[in-house]
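Chemist: Here it is: the structure, laid out below.
The values are calculated or read from the model by the stated rules, or taken from the named source; none is laboratory data. Note that this is a predicted model, so its numbers are computed, not measured. Cβ placement follows ideal geometry from the backbone for every residue including glycine, while neighbour counts extend to all protein chains displayed. Ligands, DNA and RNA are excluded from the accessible area calculation, which covers all protein heavy atoms including side chains. Shrake-Rupley method; radii C 1.70, N 1.55, O 1.52, S 1.80 Å.
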Amino acid sequence: MSGPAKIGERAGAAVYRGVWGVLVRWFRVPDEPPRFPAGTEEAHEAVRPAPGFLAYLKFWFWIVLLIVDVAIVVPWLVLLVAYPLAGVLLAIPVWAVAILPDIVAYVAIQVRYDTTWYLFGDRSMRLRRGVWVINEATITYENIQNVAVYQGPVQRWFGIASVVVHTAGGGGAQGPHGQKPGGGGHLGMIEGVADAQAIRDRILERVKRSRTAGLGDEREGSARGDGPRDGGLSSPAVAAALREIREAAAQLAAAPIGTAGR
């Protein structure tokens, strides 16, 4: 990288640090990973999007920027040639409209990347993203129905993919992380990760563990003698109910014909 480019990069980083400081202080943008509600569980893994995700967002930013700026600047150039005075008078407004939103959008992309976190615990995972509005969603592994990996051609070029988590209706996913796909359920999006397959496998392993934990606890309790066995069919309450039914049946069988219904 050449000297001027390095200077420009340092200047841009310094400007962004200043903007980030203002956002954190004035708009209370969180600058640390999310946490699970107090007393629920401990986070075992906090994952950020890969650097390729930031490059992916900037790629689309430059594509949209080119289209929008051409649509603004080209008509102004035509006006400048046809009516020079009007073109000169409109120069400042036109360039302000073309440049200022680009700066805001560019900073917003960086802020979005810096505020995106994926937190994984034993019983649930917590997803957070957002720029002006911070959205957080908690998805319990018991509600997850399917986990899929999506990778488009542009994502493949940048070495990233998205993990899509499908949950049952009424689950914990809300906001942009919990868009309803039409079947009454929700979607949780883990975007821009480089090891999508590994994350998918870890989520499925925790889903499997959460669904078999109850069966394991029941078998463990029966082995100690302080819990039901065989699915709870031999518990004291069930045994007492069976005895009452057996005694009532015996009384009906012994009663004389014609008096059993009296």
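Chemist: If I ask for residues that are over 14 Å from the mean Cα position of the chain (by Cα) and open to solvent by less than 40 Å² (accessible area, probe 1.4 Å), which ones from the range 142-153 would you list?
Modeler: Matches in the range 142-153: 152 only.
Chemist: May I pose another question? What's the number of the condition residue 139 fails, among (1) over 30 Å from residue 212 (Cβ atoms); (2) without any contact (Cβ under 8 Å) to a residue 60 or more places away in the chain; (3) open to solvent by less than 50 Å² (accessible area, probe 1.4 Å)?
Modeler: Unmet for residue 139, out of (1) over 30 Å from residue 212 (Cβ atoms); (2) without any contact (Cβ under 8 Å) to a residue 60 or more places away in the chain; (3) open to solvent by less than 50 Å² (accessible area, probe 1.4 Å): (1).
Chemist: Let me ask you something else. Can you list residue pairs whose Cβ atoms sit under 9 Å apart, with the first residue in the range 68-94 being among the acidic types (Asp, Glu) and the second being open to solvent by less than 50 Å² (accessible area, probe 1.4 Å) and in a helix (DSSP H, G or I)? Count only pairs 6 or more apart in sequence or on different chains.
Modeler: Matching pairs, first to second residue: 69/98; 69/102.
Chemist: Sticking with this one: Does residue 105 meet the test of being among the small types (Gly, Ala, Ser), in a helix (DSSP H, G or I) and modelled with pLDDT under 90? Spell out how you get there, then give the answer.
Modeler: Numbers: among the small types (Gly, Ala, Ser): yes; in a helix (DSSP H, G or I): yes; modelled with pLDDT under 90: yes.
Yes: the conditions hold for residue 105.
Chemist: Give just the number: which of (1) out of contact with any helix residue (DSSP H, G or I) (no Cβ under 8 Å at 6 or more places or on another chain); (2) outside any helix (DSSP H, G or I) does residue 122 not satisfy?
Modeler: The number of the failed condition is (1).
Chemist: For the range 79-96, which positions are open to solvent by 90 Å² or more (accessible area, probe 1.4 Å) and either assigned to a helix (DSSP H, G or I) or of a type in the set (A, V, I, L, M, F, W, C) (or both)? Step through it out loud before you land on a result.
Modeler: From the range 79-96, those open to solvent by 90 Å² or more (accessible area, probe 1.4 Å) are 81, 83, 85, 88-89, 92, 95; that's our starting set.
The answer is 81, 85, 88, 89, 92, 95.
Chemist: A further question on this structure: Before we move on, is residue 64 in a loop (DSSP other than H, G, I, E, B), out of contact with any Cys (no Cβ under 7 Å at 6 or more places or on another chain) and open to solvent by 40 Å² or more (accessible area, probe 1.4 Å)? Walk me through it before giving the result.
Modeler: Working: in a loop (DSSP other than H, G, I, E, B): no; out of contact with any Cys (no Cβ under 7 Å at 6 or more places or on another chain): yes; open to solvent by 40 Å² or more (accessible area, probe 1.4 Å): yes.
Taking the combined requirement at face value, the residue does not satisfy it.
Chemist: Another question, then. Confirm whether residue 59 is modelled with pLDDT of 90 or more and surrounded by fewer than 16 Cβ atoms within 10 Å (Cβ to Cβ). Write out each step before concluding.
Modeler: Details: modelled with pLDDT of 90 or more: yes; surrounded by fewer than 16 Cβ atoms within 10 Å (Cβ to Cβ): yes.
Against the criterion (modelled with pLDDT of 90 or more and surrounded by fewer than 16 Cβ atoms within 10 Å (Cβ to Cβ)), residue 59 qualifies.
Chemist: Report every pair of residues separated by at least 6 positions or lying on different chains whose Cβ atoms are under 9 Å apart, first residue within the range 189-202 and surrounded by fewer than 19 Cβ atoms within 10 Å (Cβ to Cβ), second in a helix (DSSP H, G or I).
Modeler: Going by the 9 Å Cβ cut-off, the qualifying pairs are 194/51; 194/52; 194/53.
Chemist: Output the number of the condition that residue 49 fails; it satisfies all remaining conditions of (1) out of contact with any strand residue (DSSP E or B) (no Cβ under 8 Å at 6 or more places or on another chain); (2) within 30 Å of residue 119 (Cβ to Cβ); (3) at pLDDT 85 or above.
Modeler: Here residue 49 clears every test but (1).
Chemist: Quick one: would you say residue 54 is at pLDDT 90 or above, open to solvent by less than 40 Å² (accessible area, probe 1.4 Å) and part of a helix (DSSP H, G or I)? Full working, then the answer.
Modeler: Working: at pLDDT 90 or above: yes; open to solvent by less than 40 Å² (accessible area, probe 1.4 Å): yes; part of a helix (DSSP H, G or I): yes.
So residue 54 passes the test.
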